[in-house]
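**Q** Here you go, one structure.
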Amino acid sequence: MKPCLELNSSKTEFVLKKNFYKLDIKSLQKQLFDDKGYIIISNFISKDDAIFIKNLLFKNHNCFKKISEEGNHRLFMYPNSPYSYPLIFNQLYDYISILRNIIYSSHEFYIDYCASIGAEMHDVYTVLKHQKMHTWSCFYWYKNKESHFRHIDDYGELAASLILSKLGEDYMSGGLYLEKNEQSIYIDKLSEYGDLVFFDQASCWHEVKNILTEKNQKGRLHFYVSTIRYQSMKTYLRFEGHPFRKTCSERLNTYQKIISYFKALPDNDIHYSRENYFKHFKD
């Protein structure tokens, strides 16, 4: 089965190889929202392309940060930031988000969101344009003995994770577990390099159990594309290295922007996720 996306010969750009609408969208929606609580899009990118990205990220291991003793190492991206990211990472964000919106189009949360921005729910590109104002993505790297606590998220949050590591090859045990209808599902046993995993964060309890590695194994790696509820962020966002630039995360008219901007002027806080993680990144 050919991948949905494929890197070109120079490994600098993804080429779309499959029309997302040719997937059995209704079946995927039913599995995700009515039955299992998760779906796995096999071979979203090829194993070779996933390993290429994994090696590129590990070559830039110093760009990852661990914010606290608990948790994992992270490399954040904001689609509305002033920072420069590799093209292939921007493409992954866009294509994953587009497929997510197609699959999400049957969900009440998504339908309400489209109505609030005045967009037709099948116009996934316009919806993504608005989502980019108030979302982020992140490469999560779980090294030896790192984990993420068991939790459930708010209504409307749909997880999308591109798998960039393999159980048994990059780590020996641990990984993503979901709980649905009193059943525990070990996602890492079901997924391969390059698979795209969606799960309903608001209906499934989930956690990344303690990762254990051996010898030269580097751990669990995946690319997470978030679904952030509108207005859950500050109205104006500040980014490292841009003291006079505040980026608006909401849909406001000119008057509202001016008023909100002046209200935000005294706030010089830079959230840890909006630091420039990529300032020393090398292709």
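The values are calculated or read from the model by the stated rules, or taken from the named source; none is laboratory data. Keep in mind that this is a model prediction, so the values were computed, not measured. Neighbour counts are summed over all protein chains in view; Cβ atoms, including those assigned to glycine, are modelled from backbone coordinates with ideal geometry.
**Q** What helices (runs of 4 or more DSSP H) lie completely within the range 71-143 and have 3 or more residues being more than 25 Å from ASN19 (Cα to Cα) and at pLDDT below 95?
**A** 108-117
**Q** Could you please find all residues in the range 259-278 being in contact with a Leu (Cβ under 9 Å, 6 or more places away or on another chain), touching a residue at least 60 places away in the same chain (Cβ under 8 Å) and assigned to a helix (DSSP H, G or I)?
**A** ARG274
**Q** Just name the residue that is surrounded by the most Cβ atoms within 10 Å (Cβ to Cβ) out of those in the range 234-276 that are within 15 Å of TRP136 (Cβ to Cβ) and among the aromatic types (Phe, Trp, Tyr).
**A** For the range 234-276, the residue satisfying everything is PHE239.
**Q** Right, something else. So which residues in the range 149-199 are farther than 21 Å from PHE33 by Cα, in contact with a Phe, Trp or Tyr (Cβ under 9 Å, 6 or more places away or on another chain) and surrounded by fewer than 16 Cβ atoms within 10 Å (Cβ to Cβ)?
**A** The answer is GLU169, and nothing else.
**Q** Restricting the search to the range 210-259, which residues are of a type in the set (Lys, Arg) and touching a helix residue (DSSP H, G or I) at 6+ places or on another chain (Cβ under 9 Å)? Explain how you work it out, then say what you get.
**A** Narrowing the range 210-259 to residues of a type in the set (Lys, Arg): 215, 218, 220, 229, 234, 238, 245-246, 251, 257.
Selection gives LYS218, ARG220, ARG229, LYS234, ARG238, LYS246, ARG251.
**Q** Right, next: Could you please give the count of residues in the range 1-25 that are assigned to a helix (DSSP H, G or I) and without any contact (Cβ under 8 Å) to a residue 40 or more places away in the chain?
**A** The qualifying residues number 1.
**Q** Would you point out the residue of the range 106-143, among those that are among the aromatic types (Phe, Trp, Tyr) and in contact with a Phe, Trp or Tyr (Cβ under 7 Å, 6 or more places away or on another chain), that is nearest to LYS218 (Cα to Cα)?
**A** Among those that are among the aromatic types (Phe, Trp, Tyr) and in contact with a Phe, Trp or Tyr (Cβ under 7 Å, 6 or more places away or on another chain), it is TRP141.
**Q** Let me ask something additional. Name the pairs whose Cβ atoms lie under 9 Å apart, with the first residue in the range 47-63 and hydroxyl-bearing (Ser, Thr, Tyr), the second buried (at least 17 other Cβ atoms within 10 Å of the Cβ), and 6 or more positions between them or separate chains?
**A** Cβ pairs passing all conditions: none.
**Q** Then there is this: What tally of residues in the range 38-57 results from selecting those that are buried (at least 16 other Cβ atoms within 10 Å of the Cβ), part of a helix (DSSP H, G or I) and not charged (D, E, K, R)?
**A** Number satisfying all stated conditions: 6.
**Q** From the list SER203, SER232, SER184, pick out the single residue that is among the polar types (S, T, N, Q) and assigned to a strand (DSSP E or B).
**A** SER184
**Q** So, of the residues in the range 19-58 that are among the basic types (Lys, Arg) and at pLDDT below 95, which turns out to be farthest from ILE96 (Cα to Cα)?
**A** Residue satisfying both the conditions and the ranking: LYS36.
**Q** Going residue by residue through the range 133-140, is there one that turns out to be under 16 Å from VAL225 (Cα atoms) and surrounded by fewer than 17 Cβ atoms within 10 Å (Cβ to Cβ)? Show your work before the answer.
**A** Going residue by residue through the range 133-140, those that are under 16 Å from VAL225 (Cα atoms) are 133-140.
Subsequent filtering for residues that are surrounded by fewer than 17 Cβ atoms within 10 Å (Cβ to Cβ) retains none.
There is no residue in the range 133-140 that is under 16 Å from VAL225 (Cα atoms) and surrounded by fewer than 17 Cβ atoms within 10 Å (Cβ to Cβ).
**Q** Taking the range 219-233 as the region of interest, how many residues are buried (at least 18 other Cβ atoms within 10 Å of the Cβ) and of a type in the set (D, E, K, R)?
**A** Residues that pass the stated criteria total 1.
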